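To keep things clear, I will list the structure first and then write my remarks on it.
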Amino acid sequence: METGVFSHKCNMNPLIKKIFRPPVSYLLGNLYGYLATTLLNKSLTIFVYHDINDNPSEFSRNYDLNVNLEVFTKQIAFINKEFNIINVDHLLKNEIPPRAAMITFDDGLLSYFENAVPILESQKVPSIIFLNMAAIQGDIFFSGLITYLCEKHNDFQKYIINANKPIAPGKPLFLYCKKDLVEKYLKEHNLSLKHEVKTFVGEFATESDLEKAAINPYVFYGNHLFNHEVPVLMSDEELIASYKKNQKFLDRYPNGRNIFSFPFGQPDSCFSFPQVDLLKREGVQRIFYSSGKINTKTSSVLLDRLPLNNFHEKSHQLWFGIFRKIF
Ligand SMILES: [Zn+2]
């Protein structure tokens, strides 16, 4: 989920945000743009996207995961002009130029293949998508399931609160949804929710979409766990088993790579740093999260990413979004 000041999901009063964000982003955004050459010289800025869609699903809207096609096209043109965009193989060989940037996606929504890839190709921009192969193969998308249950089933909310008391203030309830707890609830209530969650989340890509793009020089696949569980709630065995099961499928594609991004992406609340060490010991080459910062240690195994949304259209808005966490 997006982080930082004025982010769509921050707790700031929406009216105050509506009044102050435009002038503040204009002033700071232009200042950042002016300082960009200095600030970005030895750095790697990694962008994270989920859904590129003019008719986003309820899930994408509720969690600010969508960018429409026109704004996305402008964002990629801006990044292409202001940065040196690299692909994952450059990263793995540490071939990182000044003002380096990467385009990444998470989860595996169909809109990546149908909308994002044609736009990226037209601008000769490579990207990597971190996939949950369970959802690609037609299983229920776990992140969609737990957010759906937390939003629409009151008795499920009570069930999770009772099972996890005390609940930390401000921490979303879905981050307490351990897989076995959820499965127990569904069984007790004789619920599947497969159709409801699919409607709520939107279309996922399929294995035939992956096949078609497997030889596309602009497209790479990475690992986002077999399904979109909350990593910090998983045991070491569960995390590694899910990673390996997913990687086995990804290794079938010539553009599959042994790199990983943490579902939900926030340090501490979603994953732990001992889990980073565990994955490193398993030989994972690069590990991505998303708390909104630019990377200054470009050869680090652990790399941060920042999301953009429909607000980030003009250059000052984009600089404001890119440098939101620099000071
Ligand atoms: Zn994800």
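Would you say Asp89 is farther than 15 Å from Val67 by Cβ and either part of a strand (DSSP E or B) or modelled with pLDDT of 95 or more (or both)?
Criteria met by Asp89.
Remark: pairs (first residue in segment 248-266, open to solvent by less than 10 Å² (accessible area, probe 1.4 Å); second residue near the ligand (Cβ under 8 Å from one of its atoms) and in a helix (DSSP H, G or I); Cβ separation under 8 Å; 6+ apart in sequence or on different chains) = Pro263/Ser143. If you check Gln137 against the conditions, is it more than 16 Å from the ligand (Cβ to nearest atom), free of Cβ contacts under 8 Å to residues at least 40 places away in the same chain and farther than 26 Å from Glu313 by Cβ? The answer is no for Gln137.
Here segment 296-318 is the region considered, the condition is being more than 24 Å from Leu27 (Cα to Cα) and assigned to a strand (DSSP E or B), and the residue that is most open to solvent (accessible area, probe 1.4 Å) is Leu302. Set side by side, the residues Ser208, Ser261 differ, and just one is within 16 Å of the ligand (Cβ to nearest atom) and out of contact with any helix residue (DSSP H, G or I) (no Cβ under 8 Å at 6 or more places or on another chain), which is Ser261. The residue pairs whose first member lies in segment 52-74 and is part of a helix (DSSP H, G or I), whose second member is polar (S, T, N, Q) and crowded, with 18+ Cβ neighbours inside 10 Å, and whose beta carbons are closer than 8 Å, counting only pairs six or more residues apart or on different chains, are Phe59/Thr147; Ser60/Asn53; Ser60/Asn66; Asn62/Thr147; Leu69/Asn53; Leu69/Asn115; Phe72/Asn115. Inspection of segment 253-263 finds a residue satisfying the criterion of being more than 16 Å from Asn132 (Cα to Cα) and at pLDDT 95 or above.
If the condition is being in contact with a strand residue (DSSP E or B) (Cβ under 6 Å, 6 or more places away or on another chain) and not small (Gly, Ala, Ser), then segment 244-261 contributes Asn246, Gln247, Leu250, Tyr253, Asn255, Arg257, Ile259, Phe260. Considering Tyr49, Tyr63, the condition of being within 27 Å of Val197 (Cα to Cα) and open to solvent by 20 Å² or more (accessible area, probe 1.4 Å) is satisfied by Tyr63 alone. If only one of His195, His228, His224 is under 19 Å from Ser143 (Cβ atoms), away from the ligand (no atom under 15 Å from the Cβ) and of a type outside the set (A, V, I, L, M, F, W, C), which one is it? After ruling out the rest, the residue left standing is His195.
The values are calculated or read from the model by the stated rules, or taken from the named source; none is laboratory data. Keep in mind that what you see is a predicted model, and the values were worked out from it rather than measured. Using ideal geometry, Cβ is built from the backbone for each residue, glycine included, and neighbour counts are taken over all protein chains shown. Calculation scope for accessible area: heavy atoms of the full protein, side chains included, ligands and nucleic acids excluded. Shrake-Rupley method; radii C 1.70, N 1.55, O 1.52, S 1.80 Å.
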